[in-house]
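First comes the structure, then the notes that go with it.
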Amino acid sequence: MTTTMWGELLVGAGMALLMIRLAGLRHPLRFPLVMLLAIASLRNFAWTEHHLHGTEAWRHLSRLASSLSPAFGFDLTLAFLGRRRRARRIRLAAYGYFAAVGLRSVVWQIRDDFPQQHDLAWRLLLTAGCLVLAAHVAATLAAHDRKHRDSAERAQTRRILAGLLLWGLLAATDLFHNSVLPAVPAMSSAGLLVMGWTVVSIIDDGDAAGIARRLGLPLVGIVLVGHLLLGRALAPSTAVATGRALILAALVAAATWQLRGFIVERQTRVAELARRGRFSAQLAHDLRNPVAALGGCLDVVQEERRRGHSIDEQGALIDLMVVQVGRLRAIVAEHERAAKLEPIRQPTPLDQLLHEVAESCAIPSPVVVEAPADLTAHVDRDLLARALDNLLENAADASMAREPILLRARRDGDWAVVSVEDRGVGMDPRIREHAFDDFFTTKERGSGLGLAFVRRIAEAHEGRASLDSRVGRGTVVSLHLPLPATEAAPLSSAA
């Protein structure tokens, strides 16, 4: 059993430990890192199988997985930068290019028994693609580092850059160890393991020492057990088989733990059902009084008829019944509109609405209102008030006690912009990219529906919601609502 095989087995064990650590975590970097570790584990396993048994199918699979690894690494970097959605076309192009390189390499292996010139062509194509991605990633990370003033975010950016650089240098040993660097062993998997360790330390809020204790010590234990028990007590082939079995068992355990992520998502859906249950309970509460009044009136009318009295003398009761039926209709219409987010727009002075929301919102932080007295928008007053209540609660949760929150309205061309601004902890780019997604939350007991509900209210008014946030500097969430022509016209004529 060669040193390289032992190294691949140990790296595979480290990847399994990383995947176990990632299980159940709620973080935007979790999914792309798990995918990168999965493709690397597949490459690791296929490479070991090929070198043990010489089966060509394992070599094909190893070559294809190796070709796809840079695309998955690029996807992980975009997730760190919070640009996976904006860079969707670039991501697809990267996956397409490296998949084509890998498939072409497999075809060369099958058709031509993998001649040396085709091997070199594959390495050159893979290197060219990696260099293009490396240049793009380096420039983007450098711009990200210059843009952010937060020291923690800048430190994380530099760690990601260092991890990618180390992975790239060690990956070069895989590409050229058979020809240019024959004396250097292939160490791409080791570089990827270090890269994964770096990302997990970021997910764990930079607790590098804690990660070293939780993952480094078990990995050292695996090395010692492997060397003392498997390598010495067993025959080489048996040792390799046992090591692979242990790693596969660990990967199965990791996959099982990954199911916790789906369980967490299901819990958020249960929270949504609970929200709907509270909505139903509120509806029942609102209906109780008019239904009770209506039932009381009917009881009186029925009793009068039983006694043979004419109901013509109960005009007051009949009028009360008509009023209660009107209340029932209004309550049903209001709740139906709220559930479907179908706004009933009316001219609404925004300064009055903002002051009412600020006075009625039960949060510990003071709310400062800034709004011009002449700004009127055609909005659903109740829906917009609910959205602002939601934003104020989020701002209070993110702010220090008694830290003021700014509730502002302003005119921006043909739009009225209503915003809630806090000076709280802020969001990093990973969180910011998913902030408006349904069921996405970083709170332990959050449902992930607050900002998504705000976004839907803005869209129901034919507007949009936007978010600007920086770690340590606070967050501004803005609702852009279209102004009627009579409101937008003065600014247009002035321009």
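The values are calculated or read from the model by the stated rules, or taken from the named source; none is laboratory data. Since we're looking at a predicted model, the values are computed, not measured. All Cβ positions, even for glycine, are placed from backbone atoms using ideal geometry, and neighbour counts span all protein chains on display. The protein model used for the area step is the full one, side chains on, heavy atoms only, and it has no ligands, DNA or RNA in it. Shrake-Rupley method; radii C 1.70, N 1.55, O 1.52, S 1.80 Å.
For segment 42-144, applying the loop criterion from DSSP together with a ceiling of 16 other beta carbons within 10 Å to the trypsin sites (Lys or Arg not before Pro) yields Arg85, Arg86. With Cα atoms defining each centre, segment 388-435 and segment 110-160 are spaced 36 Å apart in the structure.
Between Met400 and Leu165, residue separation times 0.36 nm minus the direct Cα-Cα distance comes to 80.7 nm.
In the context of the full set of protein chains, residues of segment 344-431 present 47 Å² of accessible surface per residue (probe radius 1.4 Å, heavy atoms only).
Restricting the trypsin sites (Lys or Arg not before Pro) of segment 393-440 to loop positions (DSSP other than H, G, I, E, B) with no more than 15 neighbouring Cβ atoms within 10 Å leaves Arg402. For Ala377, the amide hydrogen comes within under 5 Å of the amide hydrogens of Thr348, Leu350, counting only partners 5 or more places away or on other chains and with H modelled in the peptide plane. Shape class of segment 341-410 from the alpha-carbon gyration tensor: oblate, with a/c at 1.5 or above and b/c at least as large as a/b. For Ile405, nonlocal amide neighbours, meaning residues 5 or more places apart or on other chains whose placed amide H falls under 5 Å from its own, are Val367, Val368. A straight chain from Val323 to Ser466 at 0.36 nm per residue would run longer than the Cα-Cα distance by 47.2 nm. Here each label is just a point 7 Å from Cα along the line to Cβ, and for Arg306 and Ala57 those points are 8.4 nm apart.
Which shape class applies to segment 289-415: rounded if a/c is under 1.5, otherwise prolate when a/b exceeds b/c and oblate if not, where a ≥ b ≥ c are the square roots of the Cα gyration tensor eigenvalues? Taking the square roots of the gyration eigenvalues as a ≥ b ≥ c, segment 289-415 is prolate. Projecting the Cα atoms of Thr157, Leu133, Leu170 onto the charge dipole of segment 118-177, computed from C-beta unit charges around the Cα centre, puts Thr157 farthest toward the positive end. For segment 39-157, the square roots of the Cα gyration tensor eigenvalues, ordered a ≥ b ≥ c, give a/c of at least 1.5 with a/b greater than b/c, which places it in the prolate category.
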